[in-house]
Amino acid sequence: MRIAVLIICGVSCVACSVAPTYRQPTAEIPPSFKEAPGWREATPSDAVARGEWWQLFGDPVLSDLQRQVVLSNQNLAASKAAYDQARASVRELRASLLPVIDLTASGTKVGSFGTGNPTVGSTGSVSTGGNSRYSVTIGTTWEPDLWGRIGDSVRQAGALAQASEADLANATLSAQGELALNYIQVRGLQAQEEVLTATIAAYERALTITTNRYNAGVAARSDVLQAETALRNARANVADLGRQRALLEHAIAVLVGVNPSNFSLPSGEWSRNVPEIPGVLPASLLERRPDIAAAERRVAAANSAIGIERSAYFPTFQLSGDAGYNSRNMSDLFESASSIWSLGLTGALTLLDFGARSARVDQARAAYEQTVAEYRQTVLTAFQQTEDQLAALRVLEIVTTERDAAAVAAKSAEKIAYNQYFAGQIGYADVIVAQTAALSSRQAEIQAVVDRQSAAVSLIQAIGGHWQ
């Protein structure tokens with residue numbers, strides 16, 4: 001009866017915890033973003049609300065690549081396996097709250113080679129017979145979680161599993177963002193190649209005309225050499241763009257889980273539009289970013305760790321029980337006369353450890369403070385990244401407008417320089433200056449669009465990648 005009462009008391013005390021009451025750490029949240037004070041919540045399309053933010057760019061090739069990332073990226077596969085491992089750890093620890101039941105069976109025969117009625121065996125050995133013993137036993141052991149050590153361990157593992165789930169979401173967002181950035185860079189290089197290809201054709205015509213003028217005695221030899229220099233530099237730049245594009249395609253192949261030797265980026269038209277990013281409020285940023293969620297869950301896990309270490313100050317108890325049969329004859333094994341049972345209670349308490357337990361509690365508290373600081377740093381970094389990209393988008397919109405106007409002006413200046421040169425009004429050095437300025441302006445115009453689209457992707461990542 002005493003043991004039964006103890007078991008009942010133990011069950012009633014299970015999940016009692018000596019861990020501090022968990023409170024989510026606080027962080028300073030501004031009422032609005034400095035770089036976009038008028039930014040407010042928006043209602044995006046259903047696809048974007050599900051997290052498919054790349055649909056904002058309206059590029060089917062990009063959308064197809066994004067789907068491949070989720071299915072085939074090996075870093076995401078590793079993160080998924082880590083998450084599955086964390087979930088399995090929770091199930092293992094949760095099982096510790098319940099008794100362990102074992103079934104054992106044995107059969108033994110004991111004899112001697114002493115005196116008695118000897119029997120000669122087939123090998124010539126002599127034995128005197130022996131005693132047999134057979135048993136079947138079901139046993140159980142259980143450690144009541146009186147002080148919440150096991151319960152806190154389960155809560156700690158559960159929080160870490162949730163952090164692992166957030167890590168998986170963050171890794172997915174990072175891989176998708178990296179793919180989008182690489183894809184935009186590839187399309188930008190493709191546009192640069194088209195500009196340079198057209199420029200090379202113009203330079204080739206200019207070289208032909210200049211050579212003819214030189215042969216006719218109208219132009220100097222230096223004009224031909226300058227025209228040839230411009231042409232060869234443009235050809236070298238095209239080749240280097242091909243190198244950069246190859247590297248980015250290789251990176252995209254790895255992101256989608258394909259061997260770079262077997263991957264080629266499908267051709268497609270580059271849409272230069274920059275999508276409008278649905279707005280968020282600063283307070284909602286904490287609920288959107290998976291890295292913030294992971295940091296908060298690690299704070300909760302560290303809080304449970306304090307309770308685990310505190311429970312070492314209290315005694316531990318283990319209940320055990322066995323029931324079964326034990327007989328010398330197999331035929332009598334399951335008779336009531338052969339039945340046996342036992343109940344046991346074991347207790348243990350550390351009396352003196354010279355401060356080891358208090359040191360572990362202090363370590364757990366320090367680890368908790370560390371995770372709180374890391375959480376707040378993650379929040380600060382999130383706001384910094386958001387403010388950075390809001391500023392980038394705002395400024396790059398102006399930059400893109402000015403680059404467009406500069407490219408138009410430079411193209412007109414180049415055309416005028418050609419006409420003046422052929423009319424004999426200026427030297428070829430002035431044409432080279434106009435050519436260089438026109439090419440540089442067209443390339444800067446393309447790069448401004450690339451930078452603006454990249455800033456949009458980075459802003460989407462900064463606010464968590466979805467609008468749920």
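Observations on the model:
- Enumeration of residues in segment 255-270 that are assigned to a helix (DSSP H, G or I) and free of Cβ contacts under 8 Å to residues at least 40 places away in the same chain: P260, S261, N262
- Unique match (being basic (K, R) and more than 23 Å from S440 (Cα to Cα)) among R232, R213: R213
- Selection status of R298, charged (D, E, K, R), touching a residue at least 24 places away in the same chain (Cβ under 8 Å) and not in a helix (DSSP H, G or I): no
- Looking only at segment 171-197, and only at residues there that are free of Cβ contacts under 8 Å to residues at least 60 places away in the same chain and out of contact with any Lys or Arg (no Cβ under 9 Å at 6 or more places or on another chain), the one that is nearest to V70 (Cα to Cα): E194
- Any hit, segment 201-208, residues being buried (at least 20 other Cβ atoms within 10 Å of the Cβ) and out of contact with any Leu (no Cβ under 6 Å at 6 or more places or on another chain): yes
- When segment 299-325 is filtered for residues that are touching a Leu at 6+ places or on another chain (Cβ under 8 Å) and either under 16 Å from R360 (Cβ atoms) or open to solvent by less than 50 Å² (accessible area, probe 1.4 Å) (or both), the ones remaining, listed by number, are A301, F314, P315, T316, L319, S320, G321.
- In segment 212-253, the qualifying residues are those that are under 15 Å from Y418 (Cβ atoms) and polar (S, T, N, Q), and the one that is surrounded by the most Cβ atoms within 10 Å (Cβ to Cβ) is Q226.
- Once segment 343-381 is narrowed to residues that are of a type in the set (A, V, I, L, M, F, W, C) and in a loop (DSSP other than H, G, I, E, B), the residue that is surrounded by the fewest Cβ atoms within 10 Å (Cβ to Cβ) is L351.
- All of T401, T436 fail the test of being free of Cβ contacts under 8 Å to residues at least 24 places away in the same chain, among the hydroxyl-bearing types (S, T, Y), open to solvent by 30 Å² or more (accessible area, probe 1.4 Å) and assigned to a helix (DSSP H, G or I), apart from T401.
- Members of segment 411-433 found to be part of a loop (DSSP other than H, G, I, E, B) and out of contact with any Phe, Trp or Tyr (no Cβ under 9 Å at 6 or more places or on another chain), listed by number: A423, G424, Q425, I426
Every residue, every condition in (1) at positive phi; (2) out of contact with any helix residue (DSSP H, G or I) (no Cβ under 9 Å at 6 or more places or on another chain); (3) among the charged types (D, E, K, R), yes or no:
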{"residue": "A227", "(1), (2), (3)": "no, no, no"}
{"residue": "V238", "(1), (2), (3)": "no, no, no"}
{"residue": "A251", "(1), (2), (3)": "no, no, no"}
{"residue": "L255", "(1), (2), (3)": "no, no, no"}
{"residue": "N259", "(1), (2), (3)": "no, no, no"}
{"residue": "E276", "(1), (2), (3)": "no, no, yes"}
{"residue": "S284", "(1), (2), (3)": "no, yes, no"}
{"residue": "V299", "(1), (2), (3)": "no, no, no"}
{"residue": "A302", "(1), (2), (3)": "no, no, no"}
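- When the residues of segment 251-284 are filtered to those that are within 30 Å of P30 (Cβ to Cβ) and among the β-branched types (V, I, T), the one that is modelled with the highest pLDDT is V274.
- Annotation: K109 fulfils all but one of (1) modelled with pLDDT under 85; (2) part of a helix (DSSP H, G or I); the unmet one is (2).
- Of the residues making up segment 450-463, those that are open to solvent by less than 10 Å² (accessible area, probe 1.4 Å) and either assigned to a helix (DSSP H, G or I) or without any contact (Cβ under 8 Å) to a residue 12 or more places away in the chain (or both) are V450, Q453, A455, A456, V457, L459, I460, A462.
- Test for E249: is it of a type in the set (D, E) and over 30 Å from G51 (Cα atoms): no
- Residue within segment 282-289 that is within 29 Å of R149 (Cβ to Cβ) and open to solvent by less than 40 Å² (accessible area, probe 1.4 Å) present: no
- With respect to the stated conditions, A382 is closer than 30 Å to A294 by Cα, touching a Lys or Arg at 6+ places or on another chain (Cβ under 6 Å) and touching a residue at least 40 places away in the same chain (Cβ under 8 Å).
- Only one of A227, A239 that is modelled with pLDDT under 95 and more than 30 Å from R67 (Cβ to Cβ): A227
The values are calculated or read from the model by the stated rules, or taken from the named source; none is laboratory data. Note that the coordinates shown come from a computational prediction; the quantities given were computed from them, not determined experimentally. Heads up, the Cβs are rebuilt from the backbone with ideal geometry, glycines too, and the neighbour counts pull from every protein chain shown. Each accessible area value is taken on the protein alone, full model and side chains, heavy atoms only, with ligands, DNA and RNA left out. Shrake-Rupley method; radii C 1.70, N 1.55, O 1.52, S 1.80 Å.
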